[in-house]
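To start, the structure itself, in structure tokens.
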Amino acid sequence: MSPPALIGVAALRGRYTARSIQLGENPEVLVPLLRRIWTETFGRDTAAMAGALLARNWWSLAVDPKPRRWHRQPPVAGLGYPAVTEINTIRQGSLREKLDGFDEWLYLLRLDQRLLVVYEATVHGRWLRHSVHHLDPVEDLFVTAPALDEGGPVMTVCTVCGAVDEIDHVEVPSMAGYGHDTATICTRCGSSVATDPMFGAHITRKPWPPHAPTTDDAGGTR
């Protein structure tokens, strides 16, 4: 069963407005889906997408939802399946709130930056920032993004896995005999940019989420 989640819009001072998604999915599934909905359904109009998401609670999201006999409400084209419930409350919350242990993920759109910020519930009963994702993925592996809090430091974001400021940088004298060889590596997914004076930059994008090891007939992994 997919974990329940909240989806909504970030506000000032750590506040947010959100709706529930009963089948919320993990970021590896929901982030690519939200990018497709943003592009294919709303033509990259972030405000329109946010307004539609906040119009109701959700059972699940989908780009091309099909009618289901067991759903009492028809699907919303290009968006998903409304929750089958009489309660239609919108949630006004804070990133500093104490969690009740029900919702596992919080997805917040930042309309001014076209970012999707993902928070996960922790064993300590609070929200912890998990990753930051550009709705419009870029060619660069690592990009800088404005601070989430006004006046805070600029973030470095991995465009493969969404890790924020989880970057290792190594610089050594080049084996070419001049200049330096460099390697900038995401410590979460292992994607990297390597440069040298002769060939320039080489980008390696690792699979995300990582591939699970396969099991051979003898019971071992490979």
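A few comments on the model shown:
- Here G125 meets each of (1) closer than 22 Å to I21 by Cα; (2) open to solvent by 30 Å² or more (accessible area, probe 1.4 Å); (3) in contact (Cβ under 8 Å) with a residue 12 or more places away in the chain with one exception, condition (2).
- Selection within segment 91-114 - of a type outside the set (K, R) and modelled with pLDDT under 90: L99, D100, G101, F102, D103, D112, Q113
- Tabulated pairs, segment 91-120, first assigned to a loop (DSSP other than H, G, I, E, B), second open to solvent by 60 Å² or more (accessible area, probe 1.4 Å) and at pLDDT below 90, C-beta under 6 angstrom, 6+ apart or interchain: Q113/P146
- Matching residues in segment 66-90 - criterion: being touching a His at 6+ places or on another chain (Cβ under 9 Å) and either among the charged types (D, E, K, R) or at pLDDT 90 or above (or both): Y81, P82
- The lone exception for D140 - which of (1) in a loop (DSSP other than H, G, I, E, B); (2) open to solvent by less than 10 Å² (accessible area, probe 1.4 Å) it fails: (2)
- Filter pass, P137 being under 29 Å from T39 (Cβ atoms) and within 14 Å of the chain's Cα centre (by Cα): yes
- Pairs are defined by a Cβ separation below 7 Å, a sequence spacing of at least 6 or placement on different chains, a first member in segment 135-148 that is polar (S, T, N, Q), and a second member that is open to solvent by less than 70 Å² (accessible area, probe 1.4 Å); the pairs so defined are T144/M155; T144/T156.
The values are calculated or read from the model by the stated rules, or taken from the named source; none is laboratory data. Quick caveat, the model's predicted, so the values are computed rather than measured. Positions of Cβ are generated from backbone atoms using ideal geometry, with glycine treated the same way; all protein chains shown enter the neighbour counts. Protein only, heavy atoms only, side chains kept; ligands, DNA and RNA dropped before computing areas. Shrake-Rupley method; radii C 1.70, N 1.55, O 1.52, S 1.80 Å.
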